[in-house]
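One structure is given below, encoded as structure tokens.
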Amino acid sequence: MAACVSRVELSVSCRSLLDKDLRSRSDPLCVLLQEAGGGRWAELDRTERIKNCQDPEFCKKLIVDYYFEKVQKLKFCVYDIDNKTLDLSDDDYLGGIECTLGQVVSSSVFTRPLELKQGKPAGKGTITIRAEEIKDTRVVYLEIEAQNLDKKDFLGKSDPFLEFYKQSDAGMWQFVYRSEVIKNNLNPCWKKFSVPLQTFCGGDFNKPIKVQCSDHDSDGSHDLIGAVQTTLAQMQAAGSGSPVELECIHPEKKQKKKSYKNSGIIRIKSCKIETEYSFLDYVMGGCQINFTVGIDFTGSNGDPKSPDSLHYISPDGINEYLIAIWSVGSVVQDYDTDRLFPAFGFGAQVPPCWQVSHEFALNFNPSNPYCQGIQGIVDAYRQVLPQIRLYGPTNFSPIINHVARFAAHSVQQGTAAHYYILLIITDGEITDLDQTRQAIVDASKLPMSIIIIGVGEADFKAMEFLDGDSGVLRSVTGEPTARDIVQFVPFRQFKNAPREALSQVVLAEVPKQLVSYYKWQGWPPLKLPEMK
């Protein structure tokens, strides 16, 4: 495994974007992709969407693991977003650039013209990227409200929002964070929010911070209500019923009117600093990743003896099921010290009674379904194929619930000791969709992630639905998942790609999912990282 040198935070801004909307300006969003091998690109992160803006300064920072020993090819793509789906194929492309992470980190400010395709400029559009190494894992949590803000709208009250800036060493104000807009309210109370300490003030508690309060206008021409200047040290005095109060001053009004007092009061209700742990903190702290495989042995795969079958093992000893097991398993096995992996099949008639089973051990030993290493899973798979009859239906919920029982048992320890990954490999014809939805909603409250790899040429609409990328997955009763735990990938997209490309894409979400679970529980790593 390559050692990650550090994590890098990328700030993105654009100028003079193309205007794709007829009656208003574009609503841009920037997506960051990294080359995953074989000409394929995997999405790493994306910014928020900013409405009606041709010169966006994106608030959300893009986080990348930086490997000195790898050439990390990146693609920054800017889109005009006019709908709520996460899919970008139906959105207007405003231009992009390709570069390497090395180019970005070696420039203090990296600016390039945007291109619609190679050699074709996207009008006068440019993109600017600033890189900053994340050395500090602390996070600032803030609760802020305001009182008696100036009224800026002719027919209603103001629609206030906050913008935070830190002062750079050169004295320039650098954009840090933008709050949500609160409509028609001169005494707003914004939602609690968090900003990494590094982003907020570079770890310097006395660095000047400027907070601007503005009235939001849908056409992008926001009006300044007023601003305050403070430091994190000053804000930290807030808490337990005694907020820090700062006068919001409009500089022009102050200059013109002698009787001018302020344009409202900004009140810092709470300012707390907490440590945010990374995936590596948990793994290096002793968290074991428990890997389980579920293999689809339903009739729709075809007779394993026929070369048309998805379970047919070719003369060189492989098929899509085996490639998927090797690709994902070879990465995950490094995180499990005993390298004993339970492996199950579902949807087949099994001896001796030939009843259909939806969770049978590949080694036919239900009390000890563990295989030694990934090779052990491969050997068990090859041995079981001639001994079973492919049948049906395709039920996912029994095997999800099986792994969930182990995950639920580990939760009772109340520590970040075990995390479970279930890999399901299937040809896509799912039968128990409603029960599977419920099983995923239940599993989302446990230390568990589910990876589904679809083999063959079937329509995988049901799998894409379970992935939840087009919206939050809900059970039949309407209960939403507590967090996103399912990642679906069709194998056919990786047929001609290097083997590591599949594992990079399907495992990309797991570190975030693991961290999100332990953060939700408030559990630190078993062994806390040493502060550098």
In segment 204-240, anything in contact with a Cys (Cβ under 7 Å, 6 or more places away or on another chain) and either hydroxyl-bearing (Ser, Thr, Tyr) or assigned to a loop (DSSP other than H, G, I, E, B) (or both) is listed as Lys207, Gly220, Gln236, Ala238
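Among the candidates Leu232, Leu197, which residue alone is touching a Gly at 6+ places or on another chain (Cβ under 7 Å) and closer than 19 Å to Ile273 by Cα? Steps first, answer last, please.
Working: Leu232 fails: touching a Gly at 6+ places or on another chain (Cβ under 7 Å).
Step by step, each of Leu232, Leu197 is checked, and only Leu197 is touching a Gly at 6+ places or on another chain (Cβ under 7 Å) and closer than 19 Å to Ile273 by Cα.
Among residues belonging to segment 385-405 that are outside any helix (DSSP H, G or I), touching a helix residue (DSSP H, G or I) at 6+ places or on another chain (Cβ under 9 Å) and of a type outside the set (S, T, N, Q), point out the one that is surrounded by the most Cβ atoms within 10 Å (Cβ to Cβ).
Of all residues in segment 385-405, those outside any helix (DSSP H, G or I) come to 388-396.
With the extra rule that they be touching a helix residue (DSSP H, G or I) at 6+ places or on another chain (Cβ under 9 Å), the set shrinks to 389-392, 394-396.
Those still in the list that are of a type outside the set (S, T, N, Q) too: 389-392, 396.
Values: Arg389: 13, Leu390: 21, Tyr391: 16, Gly392: 18, Phe396: 29.
Selected residue: Phe396.
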Those residues of segment 406-425 which are in contact (Cβ under 8 Å) with a residue 24 or more places away in the chain, in a helix (DSSP H, G or I) and open to solvent by 30 Å² or more (accessible area, probe 1.4 Å) amount to Phe406, Ala408, Val411
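So in segment 87-120, with the set limited to residues that are of a type outside the set (Gly, Ala, Ser) and free of Cβ contacts under 8 Å to residues at least 12 places away in the same chain, which one is nearest to Leu29 (Cα to Cα)? Break it down stepwise before answering.
Residues of segment 87-120 that are of a type outside the set (Gly, Ala, Ser), as a first pass: 87-88, 90-94, 97-101, 103-105, 109-118, 120.
Filter again for free of Cβ contacts under 8 Å to residues at least 12 places away in the same chain, leaving 90, 103, 117-118, 120.
Details: Asp90: 14, Gln103: 22, Lys117: 18, Gln118: 21, Lys120: 20 Å.
Looking at residues that are of a type outside the set (Gly, Ala, Ser) and free of Cβ contacts under 8 Å to residues at least 12 places away in the same chain, I get Asp90.
Within segment 289-337, restricting attention to residues that are acidic (Asp, Glu) and touching a residue at least 24 places away in the same chain (Cβ under 8 Å), which residue is nearest to Thr394 (Cα to Cα)?
Of all residues in segment 289-337, those acidic (Asp, Glu) come to 296, 303, 308, 316, 320, 334, 336.
Within this subset, residues satisfying the condition of being touching a residue at least 24 places away in the same chain (Cβ under 8 Å) are 296, 303, 320, 334, 336.
Numbers: Asp296: 7, Asp303: 16, Glu320: 18, Asp334: 31, Asp336: 29 Å.
Among those that are acidic (Asp, Glu) and touching a residue at least 24 places away in the same chain (Cβ under 8 Å), it is Asp296.
Are any residues in segment 151-181 farther than 18 Å from Glu57 by Cβ, without any contact (Cβ under 8 Å) to a residue 60 or more places away in the chain and open to solvent by 30 Å² or more (accessible area, probe 1.4 Å), and if so, which ones?
First, the residues of segment 151-181 that are farther than 18 Å from Glu57 by Cβ: 151-160, 169, 171.
Next, from what is left, pick out any that are without any contact (Cβ under 8 Å) to a residue 60 or more places away in the chain: 151, 154-157, 159, 169, 171.
Those that are farther than 18 Å from Glu57 by Cβ, without any contact (Cβ under 8 Å) to a residue 60 or more places away in the chain and open to solvent by 30 Å² or more (accessible area, probe 1.4 Å): Lys151, Phe154, Leu155, Lys157, Asp169, Gly171.
Out of His250, His222, report the one residue that is under 28 Å from Lys152 (Cα atoms), in contact with a His (Cβ under 7 Å, 6 or more places away or on another chain) and not hydroxyl-bearing (Ser, Thr, Tyr).
Details: His250 fails: in contact with a His (Cβ under 7 Å, 6 or more places away or on another chain).
Answer to the check: His222.
Condition check ((1) open to solvent by 50 Å² or more (accessible area, probe 1.4 Å); (2) touching a residue at least 40 places away in the same chain (Cβ under 8 Å); (3) under 30 Å from Thr337 (Cβ atoms); (4) of a type in the set (Ser, Thr, Tyr)) across all residues:
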| site | (1), (2), (3), (4) |
| --- | --- |
| Thr199 | no, yes, no, yes |
| Pro208 | no, yes, no, no |
| Gln212 | no, yes, no, no |
| Glu247 | yes, no, no, no |
| Ser278 | no, yes, yes, yes |
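Grab the strands (runs of 3 or more DSSP E) fully contained in segment 10-91, keeping just those with 1 or more residues being touching a strand residue (DSSP E or B) at 6+ places or on another chain (Cβ under 8 Å), open to solvent by less than 70 Å² (accessible area, probe 1.4 Å) and farther than 26 Å from Val506 by Cα. Before you say what the answer is, go through the steps one by one.
Values: elements: 28-37, 40-46, 62-66, 73-80.
Counting at least 1 such residues, we get 28-37, 73-80.
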By my count, helices (runs of 4 or more DSSP H) wholly in segment 426-532 with at least 2 residues that are in contact (Cβ under 8 Å) with a residue 60 or more places away in the chain and surrounded by 15 or more Cβ atoms within 10 Å (Cβ to Cβ) are 499-507, 510-521
If we keep only residues of segment 300-339 that are among the acidic types (Asp, Glu) and under 27 Å from the mean Cα position of the chain (by Cα), then the residue most open to solvent (accessible area, probe 1.4 Å) is Asp334
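So that you can scan it fast, the table gives a plain yes or no per residue for (1) over 23 Å from the mean Cα position of the chain (by Cα); (2) of a type in the set (A, V, I, L, M); (3) assigned by the TED database to the domain that holds Arg492; (4) open to solvent by 10 Å² or more (accessible area, probe 1.4 Å):
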residue: Ile289; (1), (2), (3), (4): no, yes, yes, no
residue: Ile295; (1), (2), (3), (4): yes, yes, yes, no
residue: Thr298; (1), (2), (3), (4): yes, no, yes, no
residue: Pro342; (1), (2), (3), (4): yes, no, yes, yes
When (1) farther than 30 Å from Arg339 by Cα; (2) surrounded by fewer than 20 Cβ atoms within 10 Å (Cβ to Cβ) are applied to Met284, the one that fails is (1)
Per the filter on segment 68-119, residues at pLDDT below 90 and among the basic types (Lys, Arg) are Lys70, Lys84
When every residue in segment 403-438 that is among the hydroxyl-bearing types (Ser, Thr, Tyr) and within 24 Å of the chain's Cα centre (by Cα) is compared, the one nearest to Leu526 (Cα to Cα) is Thr415
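The values are calculated or read from the model by the stated rules, or taken from the named source; none is laboratory data. Here the structure is a predicted model, which means the values were calculated and not measured. Cβ: placed from backbone, ideal geometry, glycine included. Neighbour counts: every protein chain shown. We work out accessible area using only protein heavy atoms, side chains counted, and drop any ligands, DNA or RNA first. Shrake-Rupley method; radii C 1.70, N 1.55, O 1.52, S 1.80 Å.
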